[in-house]
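The values are calculated or read from the model by the stated rules, or taken from the named source; none is laboratory data. Here the structure is a predicted model, which means the values were calculated and not measured. When we count neighbours, we look across all protein chains shown, and the Cβ atoms used for this are built from the backbone with ideal geometry, even at glycine. Side chains included, ligands, DNA and RNA excluded: accessible areas come from the protein's heavy atoms. Shrake-Rupley method; radii C 1.70, N 1.55, O 1.52, S 1.80 Å.
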Amino acid sequence: MKKAFITGITGQDGSYLAEFLLDKGYKVYGLTRRTSTQNFERIKHIIHNENLELVSGDLIDQHSLTHALKEVQPDEVYNLAAQSFVKASWEQPVLTGEFTALGVVRVLEAVRLACPNARFYQASSSEMFGKVQAVPQTETTPFYPRSPYGVAKVYGHWITVNYRESFDMFAVSGILFNHESPRRGLEFVTRKIANAVARIKLGKQTHVELGTLDAKRDWGYAKDYVEAMWLMLQQDEPEDFVISTGETHSVQEFLEIACRAAGLEGDWKQYHKHNPKYDRPAEVDLLIGDPSKAKEKLGWEPTISFEELVEKMVQSELELEAKSEL
Ligand code: NAP
Ligand code: G4F
C-alpha cells in the first residue's frame, strides 16, 4: 500500500487530495496543527476512514516535520500548507514568509533527512507571475510577484528547484492558477460572491461589498487540480507544470453569472457596492495560464467550464444557507 503525507489536509485542496488518494488505495497521513477547537469541517466525511491518519505538527516547527516523516516513511509528500490568503499577507508579511516561504524548506529538509527517496510536491502559485511579463503565462514566464504572499511563493518555488538540482530529489512544483469549489474559504472572492448572492436570494442580506471588479483570473475547479498534483508525482522525471484552464474572466463576470445562477432579478449592479477596504496595496490585474505542457505530458485537462463552476458554487451556497439560521 502506497503512503502519502499531506500538509494542509484541512484546507480546500488537502481535503480533495486526501479523498482522491484514498480512492486510489493509498494510506494517507495528514499534518494538522493543534487548535483549541477542531477544524475538520472539510474532512469530516473521511475522518473515520481506516486509511486516514492525522499527525500533529506545524510548518514553523522543524522537529515536528522531521519526526512525522521519520515515523511515516511516505512514498509521496504533498506540501499544500501555507498562509494562502493574498490580502492577509500585507497584514502579516512576516508570518506569511515563515509559513509560505520558510515552511517549504523545512518540509524539504525533513524529507531530505528522514525519507530522501520520497517524491515531493510543492504548491506553487500563479501569484508568482503577478505583474505579468507575458500573456499567457507558461512554465518559463519570469516571475514578478505583487504581494508578500507572491514573494514567499517564489522562494518556495525556487527552493524546490534547488533541492531537486542539489540533492537529486524527486521534487516538483505545480504552478497552479486559481481553483475554487464549494469548499473554498469564505474570504476568497468566488465563495464570498456565491455565498452573498445565495443570502440575497433568501432575503438575508441586500448586497455584496467588494474591491476591484476588473481583476481577471484563470479560474478552475479544485477537484480537477488535485489530480494534476498526483499525476506530476507519477512521471519518470521530476518537472514543473502550469495547471490552468487557459481562459480568463473578471470578478465582474463572476458576479454577473452568480446573480443569474441564484435567480436574482434585474441588474446585478443593484446587488453590489464597492468598498475600498477590499482593494489591495498592489493588484494582480490579469492571470491566464497556458496548460499545454500539462495536457501533453500529463494528459490532464479541466473537466468543467467557468459557468458550470460558478453555478456549482452558487447551488451549494443556496443549499447551505437554506439550512442555516444565521
Ligand atoms: P487553504 O484552504 O487556505 O488551506 C491551507 C492549509 O494550510 C490548511 O489546512 C491550514 O491549516 C494549513 N496551514 C496553514 N499554516 C500552517 C502551518 N503553519 N502549519 C501547518 N499547516 C498550516 O488553501 P488551499 O486553497 O487548499 O491551497 C493549498 C495550497 O495551494 C496553498 O499552499 C496555496 O497557497 C496553494 N495555492 C492555492 C491556489 C488556489 O487557488 N486555491 C492556487 C495556487 C496555489 P488550518 O486548517 O489549521 O488553518
Ligand atoms: O479570491 P482572491 O482573494 O484570490 P487571489 O488573490 O487571486 O489568490 C488566490 O489565488 C492564487 C493563485 O493565483 C493563490 F495562490 C492564492 O493562495 C489564492 O488561492 O482574489 C481574487 C481577485 C483579486 O484581484 C482581488 O483583488 O478578486 C479581487 N477582489 C475583489 N473584491 C476580492 C474582493 N478578493 C477578495 N478576496 N475579496 C473581495 O471582496
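Anything in the stretch 269-295 that is in contact with a Lys or Arg (Cβ under 8 Å, 6 or more places away or on another chain) and either hydroxyl-bearing (S, T, Y) or closer than 23 Å to E187 by Cβ (or both)? List them, or say none. Listed by number, the residues that qualify are Y278, R280, A282, E283, V284, D285, L286, L287. Among the residues of this structure, V197 does not count as one that is assigned by TED's automatic domain parsing to the domain that holds N79, modelled with pLDDT of 95 or more and more than 10 Å from ligand 2 (Cβ to nearest atom).
Within the stretch 61-86, the set of residues being among the charged types (D, E, K, R) and under 13 Å from V151 (Cα atoms) is empty.
Name the residue that is nearest to K24 (Cα to Cα), counting only residues in the stretch 64-102 that are more than 13 Å from ligand 1 (Cβ to nearest atom) and open to solvent by less than 30 Å² (accessible area, probe 1.4 Å). Among residues in the stretch 64-102 that are more than 13 Å from ligand 1 (Cβ to nearest atom) and open to solvent by less than 30 Å² (accessible area, probe 1.4 Å), the one nearest to K24 (Cα to Cα) is E76. Comparison of K293, K312 shows that the only residue that is out of contact with any Pro (no Cβ under 6 Å at 6 or more places or on another chain) and away from ligand 1 (no atom under 16 Å from the Cβ) is K293. Checked against the criterion of being out of contact with any strand residue (DSSP E or B) (no Cβ under 6 Å at 6 or more places or on another chain), farther than 28 Å from K295 by Cα, within 12 Å of ligand 1 (Cβ to nearest atom) and of a type in the set (A, V, I, L, M), the stretch 175-187 has at least one qualifying residue. In the stretch 212-227, is there at least one residue being within 30 Å of I43 (Cα to Cα), among the polar types (S, T, N, Q) and either open to solvent by 50 Å² or more (accessible area, probe 1.4 Å) or modelled with pLDDT of 95 or more (or both)? No, there is no match, as no residue in the stretch 212-227 is within 30 Å of I43 (Cα to Cα), among the polar types (S, T, N, Q) and either open to solvent by 50 Å² or more (accessible area, probe 1.4 Å) or modelled with pLDDT of 95 or more (or both). Does the stretch 118-138 contain any residue that is modelled with pLDDT of 95 or more, over 16 Å from the mean Cα position of the chain (by Cα) and either part of a helix (DSSP H, G or I) or acidic (D, E) (or both)? No; the residues of the stretch 118-138 include none that is modelled with pLDDT of 95 or more, over 16 Å from the mean Cα position of the chain (by Cα) and either part of a helix (DSSP H, G or I) or acidic (D, E) (or both). None of E296, E253, E237 is surrounded by fewer than 18 Cβ atoms within 10 Å (Cβ to Cβ) and either touching a residue at least 40 places away in the same chain (Cβ under 8 Å) or closer than 26 Å to K312 by Cα (or both) except E253. Here E187 fulfils each of the conditions (1) in a loop (DSSP other than H, G, I, E, B); (2) more than 8 Å from ligand 2 (Cβ to nearest atom) apart from (2). Residues in the stretch 300-326 that are of a type in the set (G, A, S), more than 20 Å from F254 (Cα to Cα) and outside any loop (DSSP other than H, G, I, E, B): 1 in all. Filtering the stretch 117-160 to residues that are within 25 Å of Q235 (Cα to Cα), aliphatic (A, V, I, L, M) and either open to solvent by 10 Å² or more (accessible area, probe 1.4 Å) or in contact with a Gly (Cβ under 8 Å, 6 or more places away or on another chain) (or both) leaves A123, M128, V154, I159. Scan the stretch 14-30 and give yes if some residue there is touching a strand residue (DSSP E or B) at 6+ places or on another chain (Cβ under 9 Å), surrounded by 12 or more Cβ atoms within 10 Å (Cβ to Cβ), in the same structural domain as P74 (by TED's automatic domain parsing) and over 25 Å from Q234 (Cβ atoms), otherwise no. No: zero hits. Taking every residue in the stretch 256-281 that is at positive phi and pairing it with any residue that is not aliphatic (A, V, I, L, M), at least 6 positions away or on another chain, the pairs with Cβ-Cβ distances below 7 Å are G263/K201. Would you confirm whether or not the stretch 76-93 contains a residue that is more than 16 Å from ligand 2 (Cβ to nearest atom), part of a helix (DSSP H, G or I) and among the hydrophobic types (A, V, I, L, M, F, W, C)? Checking the stretch 76-93: not a single residue is more than 16 Å from ligand 2 (Cβ to nearest atom), part of a helix (DSSP H, G or I) and among the hydrophobic types (A, V, I, L, M, F, W, C).
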